[in-house]
Amino acid sequence: MSRSFTPVEVPQSILDRFKVLPVATIWNHVWRDADVPLPFMEGVFPYTPGKRLAARARTLRFLPPRPDLMAAMEKGENGPEYRAMARCGPGDVLVADIMGNTRACIFGDVKAMQLKMNRADGIVTDGAIRDLEVMERENYNLIIYARARTPYGSAPWAIPAEENGDIQCGGALVRPGDVLVGDGDGVVVVPSWFAEECVQIVEDHEGVEAYIKEKIAAEGVRPGKYYPPQPAMWEEWRRGR
C-alpha cells in the first residue's frame, strides 16, 4: 500500500493506546508493515521498572569534544541540552544519542530538573544514567531507559552538540516526533506517520492472540493447532468480536 511519510504530531489518545501494548508485537509490525528494518534499540534497558513508556521523541545528539566545536556552541541555559529539554512536555521523551558510550552520562539530577518542571515523560539514551536514586527520592516521575549506570558526566567522551534533528539511539533511527514505546523488553521506535495505523494493527493482533489462547485453554490442545493465526482464525475472531 502507498502511504505518506510526512511526519505528524501524534496525539495523546494514540500514545495512551500504545501504553498497554507489548513492544515485541509493535516491533514485529513496524518491521513487517512499515518496512523499517531496525526499529528496536539494542542494549537499551529500563531503569524504572514497572513504568510503561509511550511518548513523542524530542532529540539530542552528543558528539566527541573538540575545541572548534565547543567554541561554536551556545552554552549555559541556551545550550543544546536545555533547548532539547524545553521542547519536552507531557507526552514527550528526551532521546539522547551519546554514541553508545556506557561511561558517559547525558546529565544528572540538576539538569534533569527541567524535565521534571516541564512534566516530561522521561529519558531514553544509548549512554549511561546517574543520580537515579536522587530523581526517584525527589519524585521526578521520569521513565528512564539507558545502557548502563555511571558516576561520570559526559566529558571527556562527549558533549551535547545538536538538538531537534535526526539521531540514532541503540542502532535505531529516531526522528523528532516519532513514538517511542518501552516495556521490560526495551524500546521500539514507531515512525510518527505510521503510529495511528500501527496501534490499530497491534490491537487487532493482540485481540486475536487472546482469543486463540482462550481456545487452547478451553480445548486443552497444543498451541500449534491455532497458532500462528491463519486467515480462517482471523475471520472467526472478527465475527465473534
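Descriptive notes on the structure:
- Hey, Thr102 touching a strand residue (DSSP E or B) at 6+ places or on another chain (Cβ under 7 Å) and in a loop (DSSP other than H, G, I, E, B) or not: yes
- The single condition among (1) of a type outside the set (Asp, Glu); (2) open to solvent by 50 Å² or more (accessible area, probe 1.4 Å); (3) over 11 Å from the mean Cα position of the chain (by Cα) that Asn28 does not satisfy is (2).
- Pro90 being open to solvent by 60 Å² or more (accessible area, probe 1.4 Å) and either of a type outside the set (S, T, N, Q) or outside any loop (DSSP other than H, G, I, E, B) (or both): yes
- The number of residues in the range 1-52 that are touching a residue at least 24 places away in the same chain (Cβ under 8 Å), outside any helix (DSSP H, G or I) and either over 15 Å from Val188 (Cβ atoms) or aromatic (Phe, Trp, Tyr) (or both) comes to 13.
- Any chance Asp121 is closer than 21 Å to Pro39 by Cβ, acidic (Asp, Glu), under 17 Å from the mean Cα position of the chain (by Cα) and open to solvent by less than 10 Å² (accessible area, probe 1.4 Å): no
- Selection from the range 180-193 of residues that are within 17 Å of Asp166 (Cα to Cα) and either out of contact with any Phe, Trp or Tyr (no Cβ under 7 Å at 6 or more places or on another chain) or surrounded by fewer than 18 Cβ atoms within 10 Å (Cβ to Cβ) (or both): Leu180, Val189, Val190, Pro191, Ser192
- One residue alone among Arg222, Arg175 is within 20 Å of the chain's Cα centre (by Cα) and open to solvent by 40 Å² or more (accessible area, probe 1.4 Å), and that residue is Arg175.
The values are calculated or read from the model by the stated rules, or taken from the named source; none is laboratory data. Since the model is a prediction, treat every value here as computed from it, not as a measurement. Virtual Cβ from ideal backbone geometry, glycine too; neighbours counted across all protein chains shown. With ligands, DNA and RNA removed, areas are computed over all heavy atoms of the protein, side chains included. Shrake-Rupley method; radii C 1.70, N 1.55, O 1.52, S 1.80 Å.
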